[in-house]
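Working notes, structure below.
Derivation of every value follows stated rules applied to the coordinates shown; laboratory data play no part. Treat the numbers as computed from the prediction; the structure is a model and nothing was measured. Note: ideal-geometry Cβ built from the backbone for every residue, glycine included; neighbour counts use all protein chains shown.
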Amino acid sequence: MISTKNISEGVYNETIIEDGFYILTFNNETKKDVLYRREVSSNFVQFHFCIKGQASFSFNDGNYKLPLLEAKSLLLYNPERDLPLNLTVNSDSWVLSVLLPIEKFHGLFSTEANYITFLSEENKDRKYYKDAHISPSMAIVLNQLMNYNLHPSVKPLYFKGKAYELLSLYFNRPADADIEQCPFLKDEDNVSKIKQAKQIIIARMAEPPTLHELSDEINLPLNRLKEGFKQVYGDSVFSFLFDYKMEVARQLLASGSHNVNEVGLKVGYSTSSHFIVAFKKKFGTTPKKYLMSLSVQ
């Protein structure tokens, strides 16, 4: 079941994945902030992702505000009281939310997933809050959900697959990850430099600096740059950049404002053949076939 509502020119979509399992998308392309309200009972785990711009939640009759910034996520759960959505989505902002009953949530994981604090026996009846970064792989799934462009008849199946993929990526933890033994993340200056590195490669994605140049620019040793970027963003510098460039390319193609050659140049490929190979590696299809799939919608 899919419902679409226009609220103050912003668009709100609600998709039922399974009984009690919802994906909500908030797409505010207007010049003013838009407030969305929805009742959510205490039985639900809430996942919120800000894909673009920013938003904020209001609780306790407006007495408490919780911001949701771009490329950040929030996990909320309170078994003691309902947490209705009072979500203000800022101008030119996208937010996607997943609502999942707690019983179904626990059923998704094996007993071996003991690194997920939220699943532990002693925490099952406690309220829970977590904010985190959106990884590049999660960003791709989120953008696919926001920019859905397949035939309407397959939308429920597509959204179901992507919803489970998103949750898998959210809770994925590399086998060697151990935050207790990663003091790097406790140093705010280090983390700030890693965030600066991300902004640099995004701003200059067509002609990015080498790793050595990047480490010099942010004044962080090369090994700490590589280690820290992996810890903060869950991926290597250039793997992150590749995913980002391909998502930018996909959105540019979908906009219809640029041809394949122009898109390739914008994301840093001097020849269209190299861009086509990269695009196919990422999405399993060529840019031309991707454009053709859009035209038949």
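Under a plain spin-label model, where a point goes 7 Å from the Cα along Cα-to-Cβ, how far apart in nm are Lys104 and Arg38?
Each label point lies 7 Å from its Cα, and together they span 1.2 nm.
Please give the peptides 48-54, 164-170 ranked by average Cβ packing (other Cβ atoms within 10 Å per residue), highest first, as a rough proxy for protection. Before the final figure, lay out each step's value.
Numbers: 48-54: 21.3, 164-170: 17.3.
Going from most to least packed, we get 48-54, 164-170.
Students often check this: by mean Cβ neighbours within 10 Å, which of 280-287, 99-106 ranks highest, and how do the rest follow?
On the way: 280-287: 14.6, 99-106: 16.4.
Those peptides, ordered most packed to least, come out 99-106, 280-287.
With each label point set 7 Å from Cα along the Cα-Cβ vector, what nm distance links Asn149 and Arg81?
Placing both labels 7 Å along Cα→Cβ, they lie 4.4 nm apart.
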